[in-house]
Amino acid sequence: MKAPIVVLCWSFAATVVAQNQTQAQCLQSFNGTIGNGTVGSEQQVSSLTVRTVNSTDANQGVAVDEQYFYSIDNYSITKHNKTTGRPLRQWYGGPDGPIIHLDGGVVINGTLYAPHSNYPNFPETSSVEEWNVTTMEHIRSHSFGIYRGSLTWVDQDSTGTWYGTFANYDRVQAGQTQPYGLSINTQLVRFAPGPESPFQYVSQSWIFPEELVSANFAPMSNSGGSFAPDGWLYITGHDASAAYVLQIPAAGSILIWVATVDLPSIAGQGIAWDRSARAQGGNGTLYGISRESRQVVEMRVPLQGCRPNTDLPVGMVLAPEDFVDTSSD
């Protein structure tokens, strides 16, 4: 049974919840060349809610750096002191501005990168928008125009490579007669830089396992994504109180669903690992939001002892005496 306990003292309203934390088994044999991409997906990992912070902009996602976190709404962003939770500065674009639907963010080297789309309008367009986190001024835009769907998150892995998701939806929007792109068409992409933008090209893309999409995304899609300090990719749906741990396959185009993390204090939307924070007792710090209560939520999630390996052997090479008879396959 979950029992409220007080373990921290803050100068603002905070809710603290204790839960058993379970570390998922590290399975290093995933290669994604057989099956449906759900190897190990039954592994369940629990989390610990550390605190909640009220923020009127906690509606789409959150970003975090060493000293601050940033609550994100459709066309506004509020910068908070990470220690006290006190709001410091807000950028506001307004309902009539060119920025319509922000979906989360990540801070890299003093710049806040936020995915943006024209959702729920059609045809779907997307961009990445940039803010200077010191001044909170908007400084740059990278537009994709009509592309693969609605961009919902971007992040860098440990090598500095950019990834993101172009989401599609089964839901039929008001005034429309067709679904908004079909959830199964959601794609994780790896960006490649060009002379004009770090997001100028897409070098590779993958889809999500059908079971993950049908059970946890549909009729919406993948809303958030963030690389943990242990190298694994964590993604969220639109409404479920969970994150899904993924591995990029060594072959094929279906991502591998490794484990599920219970996050009872949030309901999908944008997430952000605090990669500036030191692990405490083997746990990393993950930020999310509760749209219902308009709160930023800080959580502790077990980090893994192994790292993803996309260079695993694919298949086997056999001598004639060991050939497999495939005529009955």
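The values are calculated or read from the model by the stated rules, or taken from the named source; none is laboratory data. What you are looking at is a predicted structure, and each value in this text was computed from that prediction instead of being measured. Glycine gets a Cβ as well: all are built from the backbone with ideal geometry, and neighbour counts include every protein chain shown.
Return yes when L88 is without any contact (Cβ under 8 Å) to a residue 24 or more places away in the chain, part of a strand (DSSP E or B) and closer than 21 Å to G288 by Cα and no when it is not.
On the way: without any contact (Cβ under 8 Å) to a residue 24 or more places away in the chain: yes; part of a strand (DSSP E or B): yes; closer than 21 Å to G288 by Cα: yes.
Taking the combined requirement at face value, the residue satisfies it.
Could you list, in sequence order, all residues of the stretch 98-132 that are in contact (Cβ under 8 Å) with a residue 40 or more places away in the chain and charged (D, E, K, R)?
Correct list: D103, E124.
Would you be able to say whether some residue in the stretch 57-66 is of a type in the set (D, E, K, R) and either in a strand (DSSP E or B) or at pLDDT below 95 (or both)?
no
Looking at the stretch 260-293, which of its residues are among the acidic types (D, E) and part of a loop (DSSP other than H, G, I, E, B)? If you could, list the steps in order and put the result at the bottom.
We begin by selecting, within the stretch 260-293, every residue among the acidic types (D, E); these are 262, 274, 292.
D274, E292, listed by residue number.
Against the condition under 29 Å from G181 (Cα atoms), over 16 Å from the mean Cα position of the chain (by Cα) and free of Cβ contacts under 8 Å to residues at least 24 places away in the same chain, how does A251 come out, does it pass?
Criteria not met by A251.
Go through the stretch 154-194 and give me each residue that's in contact (Cβ under 8 Å) with a residue 40 or more places away in the chain and hydrophobic (A, V, I, L, M, F, W, C).
If the condition is that a residue be in contact (Cβ under 8 Å) with a residue 40 or more places away in the chain and hydrophobic (A, V, I, L, M, F, W, C), then V154, F166, A167, A174, L188, V189 are the ones that fit.
Can you name every residue in the stretch 91-118 that is part of a strand (DSSP E or B) and either among the acidic types (D, E) or more than 25 Å from T161 (Cα to Cα) (or both)?
Residues satisfying the conditions are W91, Y92.
Kindly provide the set of residues from the stretch 208-240 that are surrounded by fewer than 17 Cβ atoms within 10 Å (Cβ to Cβ) and either in contact (Cβ under 8 Å) with a residue 40 or more places away in the chain or polar (S, T, N, Q) (or both), ordered by number.
In the first step, residues of the stretch 208-240 are kept if they are surrounded by fewer than 17 Cβ atoms within 10 Å (Cβ to Cβ); the result is 210-211, 214-215, 219, 231, 239.
Within the stretch 208-240, E210, E211, S214, P219, G231 qualify.
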